[in-house]
1. With the requirement that a residue be near ligand 3 (Cβ under 10 Å from one of its atoms) and surrounded by fewer than 22 Cβ atoms within 10 Å (Cβ to Cβ), what does the stretch 267-292 give you?
2. Take the stretch 191-223 and flag every residue that is more than 16 Å from the chain's Cα centre (by Cα) and either farther than 20 Å from Arg241 by Cα or crowded, with 23+ Cβ neighbours inside 10 Å (or both).
3. Would you be able to tell me the number of residues in the stretch 15-48 that are away from ligand 3 (no atom under 16 Å from the Cβ), of a type outside the set (A, V, I, L, M) and surrounded by 17 or more Cβ atoms within 10 Å (Cβ to Cβ)?
4. At least 3 residues that are of a type in the set (A, V, I, L, M, F, W, C) in each: list the helices (runs of 4 or more DSSP H) lying fully within the stretch 247-328 that qualify.
5. Name the pairs: first residue in the stretch 214-240 and closer than 17 Å to His156 by Cβ, second residue more than 16 Å from ligand 3 (Cβ to nearest atom) and assigned to a helix (DSSP H, G or I), Cβ to Cβ under 9 Å, at least 6 apart or on different chains?
6. Kindly list, by first and then second residue, each pair from a residue in the stretch 36-59 that is more than 8 Å from ligand 2 (Cβ to nearest atom) to a residue that is aliphatic (A, V, I, L, M) and in a loop (DSSP other than H, G, I, E, B), limited to pairs with Cβ atoms under 7 Å and residues at least 6 apart or on different chains.
7. What are the pairs with Cβ atoms under 6 angstrom where one residue, in the stretch 122-134, is of a type in the set (A, V, I, L, M) and the other, located anywhere, is open to solvent by less than 60 Å² (accessible area, probe 1.4 Å)? Sequence gap at least six, or different chains.
Amino acid sequence: MNKQEIIEILSDDTKNDWLFRQADKVRHENVGDEVHLRGLIEFSNICKRQCKYCGLRSSNKEVERYRISKDEILMYAQKAVNMGYRTIVLQSGEDDYYDTDKMCEIIREIKKLDAALTLSIGEKSYDEYKAFKVSGADRYLLRIETTDEKLYTQMHPNASFEKRKQCLYDLKSLGYEVGSGCLVGLPNQTVESLANDILFFKDLDADMIGIGPFIAHEQTPLKDENNGDFWLALKVMALTRLNLPDINIPATTAMETLNPNGRIIALQSGANVVMPNVTSTEYRAKYEIYPGKICINENPEQCRGCIEGKIRSIGRTISKDYGFHNKK
Ligand code: SAM
Ligand code: SF4
Ligand code: FES
């Protein structure tokens, strides 16, 4: 699709059902009916950055900060593999405590387990990304958040849009499977910029794209802004499926935060991945990037059972393989 076609669909709500059905069909034809589960370990909520939308930004003094030790991370990873997860995702704020050596050691230990490994720990140098890759990391998630440079600069004090893009191209050139994505509903974000986001995902040749609605957090500068719209986020996701037919697309937690059935609706509108949390309840509420996050009172076993039931209820199955991007 060209930019104009994407803008037209995003601006017209009369054809939404058609769009979601098309995306579901393209998902079925290109990546099948299996859903890939990724076991998510949110191992530190300490962050040096100031992203205006995020509850973990460094100037939020009200959040109780935590770091999970290497041994505890490995314990969760082992538990996740025992529960049948074939991918572990390590996510955190940008926390310099976990330097290259510490991260590489964790990566090497996790790679002794039978699982693919995804990192989502922010912007690093080419050499750091290289060291993680050499240690065994398979994939990396780094959302561009928005391709509107002006908006990007407003949302990310002291950060550079060029550096963000460079990180993604560095990751690609190092042979990672690269995941990116955007927020939908940021203040002053236009439909045109959302269309540009989708075209950017294609230009990047992304392997995975996560789309999430923006959700306003009380302890951030965006506290008085409106939340993003669930249906608009779903449309951006469905259009991403139509334009990148064979990639992996998660049904995001933020979607379910805005709509009690959000992940299932997403799985029926183009998504084929879910990322349940595999850490214990004591950390979940503290990783409050936005309010109302789901699953904060559940334990890993409950989440696993819950999501499995939901996936089966719509006639889909849980994949038993690593869930790499099968390029067509
Ligand atoms: N620190 C790493 C990074 O920023 O890439 C990884 C963790 S960060 C919490 C993961 C994602 O959370 C971000 O890419 C952002 O899109 C999302 N996020 C942060 N604040 C949000 C909010 N208020 N509403 C919705 N999503 C949000
Ligand atoms: Fe830190 Fe990521 Fe939140 Fe930005 S989005 S403040 S980098 S945790
Ligand atoms: Fe956590 Fe449903 S996936 S309670």
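The values are calculated or read from the model by the stated rules, or taken from the named source; none is laboratory data. Just so we're clear, the structure is a prediction, and the values are computed from it rather than from any experiment. Positions of Cβ are generated from backbone atoms using ideal geometry, with glycine treated the same way; all protein chains shown enter the neighbour counts. Heads up: the accessible areas ignore ligands, DNA and RNA and are worked out on the full protein's heavy atoms, side chains in. Shrake-Rupley method; radii C 1.70, N 1.55, O 1.52, S 1.80 Å.
1. Arg284
2. Leu194, Ala195, Ala216, His217, Glu218, Gln219, Thr220, Pro221, Leu222, Lys223
3. Going through the stretch 15-48 one residue at a time, the tally reaches 8.
4. 253-258, 262-267, 300-313
5. Sorted first by the residue in the stretch 214-240, then by its partner, the pairs are Phe214/Ala233; Leu222/Met155.
6. From residues that are more than 8 Å from ligand 2 (Cβ to nearest atom), the pairs are Arg38/Met275; Gly39/Val278; Leu40/Met275; Leu40/Val278; Ile41/Val278; Phe43/Ile68; Ser44/Ile68; Lys52/Leu222.
7. Ala131/Thr100; Ala131/Cys104
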